[in-house]
Amino acid sequence: MHELPVTQSILGIVLRHAESQGVRRVVAVDLAIGALSDLEAEWLQSYFDHLSRDTVAEGAKLRVRRSPLTFECGPCSLKYTATREELDTAACPGCGRHDGAVVGGSGYTVESMEAE
């Protein structure tokens with residue numbers, strides 16, 4: 001159910017951008033969802049379909065890609081990526097430490113939209 005407020009936010013972003021650009025119809029929205037997020041693309045699309053009725057985004061398809069989990073190493077400042085399964089074991093490729101801070105991969109971003 002947590003997809004509903006996220007979808008409301010996504011639709012708000014899309015509608016604001018569409019209005020500012022004079023878009024007549026939004027065809028698709030490209031989203032990046034972090035590897036740590038448990039947002040489900042199917043639920044996002046379902047809510048988006050419902051919420052976007054009678055707007056310029058009605059009928060738009062959400063194209064979702066998973067963005068990687070990103071760490072930053074404290075001692076050497078190197079940023080590196082890992083999978084969700086490697087969350088507890090990922091080592092910095094620069095110095096080998098295992099205590100990197102998660103700096104990306106938990107949220108979502110509206111990357112672009114396709115319009116007519």
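Among the residues of the range 69-116, count how many are free of Cβ contacts under 8 Å to residues at least 12 places away in the same chain, closer than 25 Å to VAL6 by Cβ and aliphatic (A, V, I, L, M). Selection size over the range 69-116: 0. Report, by residue number, each residue of the range 11-28 that is buried (at least 16 other Cβ atoms within 10 Å of the Cβ) and either over 19 Å from the mean Cα position of the chain (by Cα) or in a helix (DSSP H, G or I) (or both). Residues satisfying the conditions are LEU11, VAL14, LEU15, HIS17, ALA18, VAL23.
Here LEU78, LEU44, LEU31 are screened, and the one residue that is in contact with a Phe, Trp or Tyr (Cβ under 7 Å, 6 or more places away or on another chain), surrounded by 13 or more Cβ atoms within 10 Å (Cβ to Cβ) and either within 27 Å of ARG97 (Cβ to Cβ) or not polar (S, T, N, Q) (or both) is LEU31. Within the range 24-44, can you find the residues that are farther than 16 Å from GLU111 by Cα and without any contact (Cβ under 8 Å) to a residue 60 or more places away in the chain? If the condition is that a residue be farther than 16 Å from GLU111 by Cα and without any contact (Cβ under 8 Å) to a residue 60 or more places away in the chain, then ASP38, GLU40, GLU42, TRP43 are the ones that fit.
Name the residues in the range 81-116 that are of a type in the set (Lys, Arg) and open to solvent by less than 60 Å² (accessible area, probe 1.4 Å), would you? Those that are of a type in the set (Lys, Arg) and open to solvent by less than 60 Å² (accessible area, probe 1.4 Å): none in the range 81-116. The condition of being in a strand (DSSP E or B), more than 17 Å from VAL56 (Cβ to Cβ) and aliphatic (A, V, I, L, M) holds for only one of LEU31, LEU36, that being LEU31. Evaluate the range 81-92: report whether one residue or more is more than 19 Å from the chain's Cα centre (by Cα), farther than 30 Å from ALA18 by Cβ and basic (Lys, Arg). No, because not a single residue in the range 81-92 is more than 19 Å from the chain's Cα centre (by Cα), farther than 30 Å from ALA18 by Cβ and basic (Lys, Arg).
The values are calculated or read from the model by the stated rules, or taken from the named source; none is laboratory data. Since we're looking at a predicted model, the values are computed, not measured. Every residue, glycine as well, gets a Cβ built from its backbone with ideal geometry; the counts of neighbours run over all protein chains shown. With ligands, DNA and RNA removed, areas are computed over all heavy atoms of the protein, side chains included. Shrake-Rupley method; radii C 1.70, N 1.55, O 1.52, S 1.80 Å.
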